[in-house]
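Below: the structure, in structure tokens.
What follows is calculated from the coordinates using simple rules that are stated; it is not laboratory data. Computed from a predicted model, the values in this text were never measured in an experiment. In this analysis, Cβ positions are derived from the backbone assuming ideal geometry, glycine residues included, and neighbour counts consider all displayed protein chains.
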Amino acid sequence: MSEKDLDLIVKSNKLVEASYKLTQAEFNLLNLVFAQMNDGKIGETGNWLLGDYKVTAQDYSRKFDVDINTAYDALHSASKHLFQRYFSYEKEVDFSPYAVEIVESRWVSEVRYNKQAGYVTIVLTPTVMDMVGMLQNCFTPYFLQNTVGFSSMYAKRLYEILVQWRNAGNKTPQLKVYALREKLGIDKDQYPLIADFKKRVLDIAVEQINEYSDIKVKYDQIKQGRKIVAFCFKFKDKQVKPKAWEGLDFEELKTALYDYTFEVMSALKDAGVTPEWVQVGNETSNGMLWEDGKASVNMKNYADLTNAGYDAVKAVFPTAKVIVHLNNGQDNSLYRWIFDGLKSNGGKWDVIGMSVYPAWFTPANDWATGNTQVLTNMNDMVARYGTEVMIVECGMSWDSPGASKSFLTDLIAKTRSVTGKKGLGVLYWEPEAYGQWQKYTLGAFDNSGKPTVALDAFK
């Protein structure tokens, strides 16, 4: 299944962070409407601004695996109760000594039913219309299909909260217990004991997210004395297969990977583009195309898949250098494990690519210590495997431009000093991000869209 076949949901971060309580059916109904908006559909009247959208029982049944005979009743009940629902959020107040207002708003202003035709129409409020769609900044996108397997409403809400922080270290800030409860729609008298809250809410939500979504998540407990006062969530993207490849056996999977890579390379060649480097996989620190290519389960399969991509690149561009890319460039044990495993199983690569983010150093943001560890790792890779190395991703918080410039200047100098001049260079990801684009704060532009002094490191 391609992205064109998927239902994209895009919500303002204010809406994701809002406090509200919805049933599964109500949440699903709203997301079907939001998906229509992002697919370019303009509503029943043809006027997008009116925010009226039709959802059929047939579509609801197909997307959420609900019996068609009960789908309309589910839609009717959901839309009827949704008419009474509201959400609350914080709004900054300009030119006021009181910086924040608490706003309460309804989701819909009107609901229409047609049992004979098997559909309902809901009219979104102007507030919701402003908070959903292809927004320019401060938004959270995800695909509906990544949430349909959740039976827990708490899993749906927690997933949204988490993916705000994708591309921002995949780590949330500390979420106070009371605030997290509000965001998940838990009443004050529900699960008052933290043990019950964890058992009946968090642990179930995390289990379902890990099983059915595109990410793997875990959480840390923040304590004051013996009391749990907050949670911090960390997650990683799964190296899953595309939908169209899920039913393939391993030989077919290798062929599909080869064919896809060959097709992309051929398209570049036809367009007159000759790449100097081609990366096979992104941060494949535990392999790719799970479960077949999960390195901790079957290193040989991972090597075979890497070779399929490698061979396809070389078939079109024989001189292009193929990169195998891992995260945490300071972690020498990780790199030895992966590349020893690839080497022992006949894996091929030309360049070892690294992600280097000081936020993931230990201690966090101690870039001087971390960069020294990165250099040690780069030199070890060169000595151990005889191949070149490259920093293919790096970044630091936009609001510390001076520190970021120092970090980058040092990282560039260390890359240039790699043994045998085998340090190819340093690439920044994503320098032009600003205004907390997708909650990404590691760009090198300020909130006005102007580059910071951090980029002077590349002069």
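Before moving on, here are some points about what is shown:
- Estimated purely from DSSP H runs of n ≥ 4, each contributing -39500 (n - 2.57), the mean residue ellipticity at 222 nm for the chain is -11500 deg cm²/dmol once divided by its residues.
- Sites residue 368 and residue 220, calculated FRET efficiency, Cβ-Cβ separation with R0 30 Å, nearest 0.05: 0.70
- Computed magnitude of the charge dipole of the range 245-458 (debye, nearest 20; Cβ of K, R +1, Cβ of D, E -1): 780 debye
- Exposure proxy shown here: for 214, 446, the number of other Cβ atoms within 10 Å sets the order, fewest to most, as 446, 214.
- The chain: angle of helix 401-416 to the longest principal axis, Cα-based, in degrees nearest 10: 40 degrees
- DSSP-defined antiparallel bridges as percent of all bridges, the chain, nearest 5: 70 percent
- Estimated distance in nm for a label pair at residue 334 and residue 65, the labels positioned 7 Å out from Cα along Cα-to-Cβ: 3.3 nm
- Calculated log₁₀ intensity ratio I(q)/I(0) where the Debye formula runs over C-alpha points of the chain, q = 0.11, 0.13 Å⁻¹: -1.05, -1.33
- Annotation: the residues 232, 394, sorted from fewest to most other C-beta atoms within 10 Å of their own C-beta, follow the order 232, 394.
- Estimated FRET transfer efficiency when R0 is 60 angstrom, pair residue 24-residue 413 (beta carbons, to 0.05): 0.65
- Stretchable slack from residue 84 to residue 196, in nm (0.36 nm times residue separation minus alpha-carbon distance): 37.4 nm
- Label zone at residue 91 (point 7 Å along Cα-to-Cβ), backbone N below 16 Å, the range 16-30: 16-19
- Note on the range 245-458: Rg/Rh from C-alpha atoms, Kirkwood Rh, equals 0.99.
- Three-way shape call for the range 149-238 based on the alpha-carbon gyration tensor, with the a/c threshold at 1.5: oblate
- Comparing 286, 347, 324 along the charge dipole axis of the range 262-356, the residue lying farthest to the positive side is 347, per the Cβ-charge model.
- Fewest-first ranking of 441, 419, using other Cβ atoms within 10 Å as the exposure measure: 419, 441
- Computed label-point distance, nm, for sites residue 125 and residue 296 using a 7 Å Cα→Cβ extension: 4.4 nm
- Dipole in debye (nearest 20) - the chain, about Cα centre, beta carbon charges: Lys, Arg +1; Asp, Glu -1: 1020 debye
- Efficiency of FRET between residue 114 and residue 237 - r from beta-carbon atoms, R0 30 angstrom, step 0.05: 0.15
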